[in-house]
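*Asks:* Pasting a structure here, questions to come.
Please treat every number below as a calculation from the coordinates, not as lab data. These figures come from a predicted structure and were not determined experimentally. We place every Cβ from the backbone using ideal geometry, glycine too, and count neighbours over all the protein chains shown.
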Amino acid sequence: QKQKDRARNATALESGDWVEFHHCDNVVFTGYDQTSSEGASLARHRTVKAKNKVMYQLVFDRTPFYGEMGGQIGDTGYIVSGSGEKINIINTIKENNLTIHIAEHIPGDCENPFTLVVDAERRQKIANNHTATHLLHKALREILGTHVEQKGSYVSDKYFRFDFSHFEKMSDEEIDRVERRVNELIRLDSPLDEKRD
């Protein structure tokens, strides 16, 4: 029990109250078509303490940053204030229809418009791995049967994990066939059928 309590305390978040500059119930996501956005307004921010480290959560009225959800990690990048101050965004999460940008520093100038810039190279790697989960799912259903269903996933810029249901352990031959089929699908270079929220 003591170990559980220590683990719980190590991950506990202490959140301060939101400091609101502009009312914003929903953040406009501009990241489908761009990896940067000029003229964004800081709607609110708050201080968060975790593991004796202070971080800041920032919410803008619009953003190209994708917030972590559905097993896919959030974007990183940076913001630039109207006065030219650059602040790194180390993670992005979704919470209550808001995209929350996690920063180690808070902007000195919160009133003027900001430029938000996503790490485009990292975003592309995440997108490639996201697409690979769909190709893997298709190949698994073709090789093992249509009973295969996705049960979860984790998608990052470095790798992805795809959890699925199947009634037995895959054989080495099945693994090889699935791998070859995924590579065939990649080589087809089919146009992307994009679904937007």
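*Asks:* Under a cut-off of 29 Å between alpha-carbon atoms, report the lysines in cross-link reach of Lys169, not counting same-chain residues fewer than 8 places apart.
*Replies:* Straight-distance partners of Lys169: Lys138, Lys151, Lys158.
*Asks:* Continuing with the same structure: Estimate the FRET efficiency between Tyr159 and Glu85 by the formula 1/(1 + (r/R0)^6), using the beta-carbon distance for r and 35 Å for R0, to the nearest 0.05.
*Replies:* Given R0 = 35 Å and the Cβ-Cβ separation, E is 0.55.
*Asks:* Could you tell me how many degrees, from 0 to 90 and to the nearest 10, lie between the Cα long axis of helix 172-188 and the main elongation axis, the longest principal axis, of the Cα atoms of the chain?
*Replies:* That works out to roughly 60 degrees.
*Asks:* Take the Cα gyration tensor of region 124-188, multiply each eigenvalue by 5, square-root it, and list the three semi-axes largest first, rounded to whole angstrom.
*Replies:* Equivalent ellipsoid of region 124-188: 20, 14, 10 Å, largest first.
*Asks:* Let me ask something else about it. In whole Hz, what ³J(HN,Hα) sequence does region 101-116 give by Karplus (6.51, -1.76, 1.60; θ = phi - 60°), x for Gly and Pro?
*Replies:* Ordered by residue, 3J(HN,Hα) equals 8, 9, 10, 8, 9, 9, x, x, 10, 9, 8, 7, x, 10, 9, 10 Hz.
*Asks:* Could you tally the net charge around Asp75, taking each other residue with its Cβ under 9 Å from the Cβ of Asp75, Lys/Arg +1 and Asp/Glu -1?
*Replies:* Its environment carries a net charge of 0.
*Asks:* Using only the Cα atoms of region 2-118, each taken as one equal point scatterer with no solvent, compute I(q) by the Debye sum, divide by I(0), and report log10 of the ratio at q = 0.23 Å⁻¹.
*Replies:* -1.38
*Asks:* Using +1 on the beta carbon of Lys and Arg, -1 on that of Asp and Glu, and nothing else charged, what's the dipole of the chain about the Cα centre, debye to 20?
*Replies:* That gives the chain a dipole magnitude of about 740 debye.
*Asks:* For the chain, list log₁₀ I(q)/I(0) at each q in 0.10, 0.19 Å⁻¹, using the Debye formula over Cα point scatterers of equal strength and ignoring solvent, two decimals each.
*Replies:* One equal scatterer on each Cα of the chain leads to -0.55, -1.24.
*Asks:* Expressed in nm to one decimal, what extension gain is obtained for the pair Glu20 and Gln150 from 0.36 nm per residue of sequence separation less their Cα-Cα distance?
*Replies:* Full-extension gain reported as 42.8 nm.
*Asks:* Between Arg180 and Glu121, take the C-beta separation as r, use R0 = 30 Å, and let me know the FRET efficiency to the nearest 0.05.
*Replies:* Calculated transfer efficiency: 0.55.
*Asks:* So, by mean Cβ neighbours within 10 angstrom, what's the order for 174-180, 85-91 with the highest one leading?
*Replies:* By packing density, highest mean first, the sequence is 85-91, 174-180.
*Asks:* Compute the relative contact order of region 23-96 as a whole-number percentage, counting only Cα pairs closer than 8 Å that sit 6 or more residues apart in sequence.
*Replies:* Relative contact order for region 23-96 comes out at 26 percent.
*Asks:* With charges set only on the Cβ (+1 for Lys and Arg, -1 for Asp and Glu), what does the dipole of region 2-118 come to about its Cα centre, in debye to the nearest 20?
*Replies:* That gives region 2-118 a dipole magnitude of about 800 debye.
*Asks:* If you don't mind, another one. Work from the charge dipole of region 124-188 (Cβ charges, +1 for Lys and Arg, -1 for Asp and Glu, about the Cα centre) and give the residue of Ser153, Phe164, Ile126 farthest towards its positive end.
*Replies:* So the residue we want is Ile126.
*Asks:* Taking the Cα-to-Cβ direction at Val28 and at Asn52 and moving 7 Å from each Cα, how far apart do the two end points lie in nm?
*Replies:* For Val28 paired with Asn52, the spin-label model returns 4.4 nm.
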